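Reviewing the structure listed below.
The values are calculated or read from the model by the stated rules, or taken from the named source; none is laboratory data. Just so you know, these numbers come straight off a predicted model, no measurement behind them. To get the accessible areas, we keep the full protein, side chains included, count just its heavy atoms, and leave off ligands, DNA and RNA. Shrake-Rupley method; radii C 1.70, N 1.55, O 1.52, S 1.80 Å.
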Amino acid sequence: MAKDFRELLVEASRHEQFGRFFKELAVGFKVVLSFQASETHSCEPAETLDDIYAYTKWEVSLRQVDKAIDIPRIGAWSFFKDKEWAAPFDRPEYQRAIVGEFIPVEDCQKILEDVIEYAMSHDQIKSEDEIAVVDPDVDLKRAGCGGCGAKKADKADKKPAQ
């Protein structure tokens, strides 16, 4: 079982009008998780509490770094869509992020564990200790193999000059 998701949270900002935001959790190089709770988020209680363990429900988003998370066979959502916690997440077509409102604490923990399992099974991390805390909505660059596009570029670079 992974650490309690709340132990990983780092406050990024707090504003009277816009509420509090926690930094995101980059789990591997593909999926980024966001757990949020304040008076401006879909959480219970709907207020900004100093004790984050007092929340019973959270607003959670999952996004993919490089592509829309729900693209069939490419998006990570295909790995998560049948999980018991997946039903409340909105499903806009071809969005980089999906959002679940009023997600119970137990489901938040399960989401983190499932995302860790995904990253480990896809050789993106070896343990949960490799989870990175990143500023909200930072544009992360994929640090993987480079994909097929990189291979095509390499071949184009090696073509003989005419």
> What area, in nm² and to one decimal, does the C-alpha convex hull of region 13-92 cast on average over all directions?
Replying inline: 6.2
> Using a 1.4 angstrom probe and counting only protein chains, how large is the accessible area of LYS3 in Å², to 10?
Replying inline: 90
> Between LYS81 and GLU11, 0.36 nm times their residue separation minus their Cα-Cα distance comes to what?
Replying inline: 22.3 nm
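ASP51 to ASP129: extension gain in nm, 0.36 nm per residue of separation minus the Cα-Cα distance? Don't skip to the answer; put the middle values down first.
Numbers: separation 78, 0.36 × 78 = 28.08 nm, distance 2.40 nm.
Between ASP51 and ASP129, full extension yields 25.7 nm more.
If you take the Cα Rg of region 1-137 and divide it by 2.2 N^0.38 Å, with N the number of residues, what do you get?
Details: Rg = 14.1 Å, N = 137, 2.2 N^0.38 = 14.3 Å.
Taking N as the residue count of region 1-137, the ratio is 0.99.
Counting only protein heavy atoms and using a 1.4 Å probe, what share of the accessible area of region 1-144 belongs to carbon plus sulfur, as a whole percent? If you can, show how the numbers build up before the last one.
Numbers: 3610 of 7640 Å².
About 47 percent, which is the carbon plus sulfur part of the accessible surface.
Per residue, how much accessible surface does region 36-98 expose to a 1.4 Å probe? Answer in Å², no decimals. Walk me through the intermediate numbers first.
Values: 3320 Å² over 63 residues.
Per residue, region 36-98 has 53 Å² of solvent-accessible surface.
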> Quick one: ranking ASP51, ASP123, ASP66 by accessible area, 1.4 Å probe, largest first, what do you get?
Replying inline: ASP123, ASP51, ASP66
>> For region 79-133, compute the orientation-averaged projected area of the C-alpha convex hull (one quarter of its surface), in nm².
In response: 4.6
